[in-house]
1. Please give the length that would be gained between residue 76 and residue 47 if that part of the chain were fully extended, namely 0.36 nm times their separation in residues minus their C-alpha to C-alpha distance (nm, one decimal).
2. Taking the Cβ-Cβ separation of residue 11 and residue 61 as r and a Förster radius of 41 Å, what is the calculated FRET efficiency to the nearest 0.05?
3. Would you report the distance distribution of C-alpha pairs in the chain as whole percents per 5 angstrom bin, up to the bin with the largest distance?
4. Return, ordered by residue number, the residues of segment 70-97 whose backbone nitrogen is under 11 Å from a label point located 7 Å along Cα→Cβ of residue 25.
5. Mind checking which of 71, 79, 16 has the largest fluctuation in a GNM of the chain, springs on alpha carbons under 10 Å?
């Protein structure tokens, strides 16, 4: 999974793009945003870069107490990228059938 990051400022800098996942509706109680990855990019003023996130099966799972196992729920996952959990700049969805 990738996201385009742009340094819209006038000076060189760096950005830590953070990937958050939300579980499908009907999943057990879980935080609305779960940090699943990050990528630090150094960008020149006005430059673009690509943040790359490698999702694993466990990143889309929750721990089921009854079965004592990781479970990947079926449905639509929210996918968010931002500078922090309160500064989301890109939203998308993935579906697990």
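Bear in mind these aren't lab numbers, they're just calculated from the coordinates by the rules spelled out. Note that the structure is a prediction, hence the values are computed from the model and not measured. Note that each Cβ is placed from the backbone with ideal geometry, even for glycine, and that neighbours are counted across all protein chains shown.
1. Values: separation 29, 0.36 × 29 = 10.44 nm, distance 3.29 nm.
Using 0.36 nm per residue and subtracting the Cα-Cα distance, I get 7.1 nm.
2. On the way: r = 41 Å, r/R0 = 0.99.
Between residue 11 and residue 61 the formula returns 0.50.
3. Over the chain, the share of Cα pairs per 5 Å bin runs 3, 13, 22, 21, 16, 10, 7, 5, 3, 1, 0 percent.
4. Label zone hits: 76.
5. 71
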